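Presented below is the structure to which this report refers.
The values are calculated or read from the model by the stated rules, or taken from the named source; none is laboratory data. If you're wondering where the values come from, they're calculated on a predicted model, not measured in any experiment. Heads up, the Cβs are rebuilt from the backbone with ideal geometry, glycines too, and the neighbour counts pull from every protein chain shown.
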Amino acid sequence: MPQTLICPEHILKTNLKDKTYIVTGGNSGIGYVTAEQLAKQGAKVIIGCRRISEGEKARLSILKAFPSAIIEIINLDLSDLNSVRNFVKEFLSNQKELHGLVNNAGVMYSPEGKTKDGFETQFGTNHLGHFLLTELLLPILKQSAPSRIVILSSCFHDKAQGREGRIHFDDLNFERRKYDGWEAYAQSKLANLLYAKHLGKKLSSSGVTAVSVHPGWVKTNLIRNFMPSWVQNIVLKPVFKLAGMIEPWEGAQTTLYSLLAPEVEQHNGAYFSQKGIYRTKDATKGGWPLHSPNPNAHDEETAKRLDEVSRALVGL
Ligand SMILES: NC(=O)c1ccc[n+]([C@@H]2O[C@H](COP(=O)([O-])OP(=O)(O)OC[C@H]3O[C@@H](n4cnc5c(N)ncnc54)[C@H](OP(=O)(O)O)[C@@H]3O)[C@@H](O)[C@H]2O)c1
């Protein structure tokens, strides 16, 4: 069993006072641990979440552990581009700086459906919502440089339950082919990786570093469309732990390393992976950074085309 990669302790002890971070989906799973750790280190953390009541619960829980934590909750539904625009408006009306954007929120294996703006749920939520959010926040990220963008992808960008990650430019929303929840997840997670790659190139001399991440197979609620979370997290936990499932704290390590380690600046656009399920045995142990074994993850033309298509789809 490959070892879990752990962020060096000194990085998790750096003083982040006067730094501001956004974590999307910070009310649950990996995002919650990420937000809590940043707040523990003294940063101001803005959690973007679609259920304010859950965000409030997360805020109170973090405050209970760290009473001096600075946490704000702002409504953000990534499956609704209007909500993304409103989130950015509210954020910019109160904040003068942004040192890190963590595009963490996500859905997996969603039933066939559309976002408010008519995009396939997973491509629309995981990629397009975050695409618009990032583009609207780029000016403040540049002004606040050095700053970071960390995008949660997945080892399933390579193959998700046997379906290869590929951007189907001719049918991004499954309108001309039969819907497949794993194929759609793989496409959305490859889009996350390619967008980080494109940003890395575009932002090379701006002081903004953008990377994508595979956090590992983490005990969270993400599984819910495939099996009830409690089956994975309680009933099958002993078996799944033996098979490589890790705790949310371990699952946040790749995000925190990518967000805070100084050496990551030398890898703009790269992919950082915890151990994962990949088509090649070499890749399974992960790597900070890791060369993805999916050939579709390395075509700069595809990354550029995805950027152009996404820009048009979100109305930029
Ligand atoms: N867990 C794993 O094994 C694993 C492996 C590879 C990659 N990842 C990636 O890691 C990221 C975090 O997932 P997790 O494992 O921590 O899962 P999680 O516990 O289910 O957290 C996902 C978060 O995303 C939020 N979210 C979902 N749809 C949203 C929307 N339309 N607008 C705003 N927020 C939305 C959820 O909000 P609600 O609480 O309201 O649902 C929740 O806060 C995801 O991008 C996922 O693809 C996870």
Inset, instruction - Could you check how many residues of region 118-172 are closer than 23 Å to Thr254 by Cβ, away from the ligand (no atom under 16 Å from the Cβ), touching a helix residue (DSSP H, G or I) at 6+ places or on another chain (Cβ under 6 Å) and not hydroxyl-bearing (Ser, Thr, Tyr)? - result: 1
Inset, instruction - Would you check if there is a residue in region 1-8 being surrounded by fewer than 17 Cβ atoms within 10 Å (Cβ to Cβ), away from the ligand (no atom under 15 Å from the Cβ) and modelled with pLDDT of 95 or more? - result: yes
Inset, instruction - Would you point out the residue of region 58-73, among those that are surrounded by 14 or more Cβ atoms within 10 Å (Cβ to Cβ) and not small (Gly, Ala, Ser), that is nearest to Gly25 (Cα to Cα)? - result: Ile73
Legend entry - Filter pass, Lys285 being touching a residue at least 12 places away in the same chain (Cβ under 8 Å) and surrounded by fewer than 21 Cβ atoms within 10 Å (Cβ to Cβ): yes
Inset, instruction - Mind listing just one residue for me: the one in region 164-214 that is in contact with a Pro (Cβ under 8 Å, 6 or more places away or on another chain) and of a type in the set (A, V, I, L, M, F, W, C) and, of those, surrounded by the fewest Cβ atoms within 10 Å (Cβ to Cβ)? - result: Val208
Legend entry - So Ala43, is it under 23 Å from Glu250 (Cβ atoms) and within 21 Å of the chain's Cα centre (by Cα): yes
Inset, instruction - Only helices (runs of 4 or more DSSP H) wholly contained in region 213-316 count here; list those with 3 or more residues that are among the acidic types (Asp, Glu). - result: 300-314
Inset, instruction - Quick one: count up the residues across region 77-90 that are in contact with a strand residue (DSSP E or B) (Cβ under 6 Å, 6 or more places away or on another chain) and among the hydrophobic types (A, V, I, L, M, F, W, C). - result: 1
Legend entry - Failed criterion for Lys201 (all others in (1) within 16 Å of the ligand (Cβ to nearest atom); (2) outside any loop (DSSP other than H, G, I, E, B); (3) at pLDDT 95 or above hold): (1)
Inset, instruction - Give the residue, chosen from Tyr21, Tyr32, that is surrounded by 15 or more Cβ atoms within 10 Å (Cβ to Cβ), touching a residue at least 24 places away in the same chain (Cβ under 8 Å) and either part of a helix (DSSP H, G or I) or within 12 Å of the ligand (Cβ to nearest atom) (or both). - result: Tyr32
Inset, instruction - For Leu236, state whether it is surrounded by fewer than 18 Cβ atoms within 10 Å (Cβ to Cβ), among the hydrophobic types (A, V, I, L, M, F, W, C) and more than 15 Å from the ligand (Cβ to nearest atom). - result: no
Inset, instruction - Go through the residues of region 41-57 one by one and say whether even a single one is farther than 20 Å from Gly129 by Cβ, within 14 Å of the ligand (Cβ to nearest atom), touching a residue at least 12 places away in the same chain (Cβ under 8 Å) and surrounded by fewer than 17 Cβ atoms within 10 Å (Cβ to Cβ). - result: yes
Inset, instruction - Being closer than 30 Å to Leu16 by Cβ and crowded, with 21+ Cβ neighbours inside 10 Å narrows it down to one of Ala303, Ala261, Ala252, so name that one. - result: Ala252
Inset, instruction - Would you be able to tell me the number of residues in region 107-139 that are assigned to a loop (DSSP other than H, G, I, E, B) and in contact with a strand residue (DSSP E or B) (Cβ under 6 Å, 6 or more places away or on another chain)? - result: 0
Legend entry - Single condition Ser188 does not satisfy, out of (1) more than 27 Å from Lys114 (Cβ to Cβ); (2) assigned to a helix (DSSP H, G or I); (3) of a type in the set (S, T, N, Q): (1)
Inset, instruction - Can you work out which of the residues in region 186-238 that are free of Cβ contacts under 8 Å to residues at least 60 places away in the same chain and in contact with a strand residue (DSSP E or B) (Cβ under 8 Å, 6 or more places away or on another chain) is farthest from His298 (Cα to Cα)? - result: Lys219
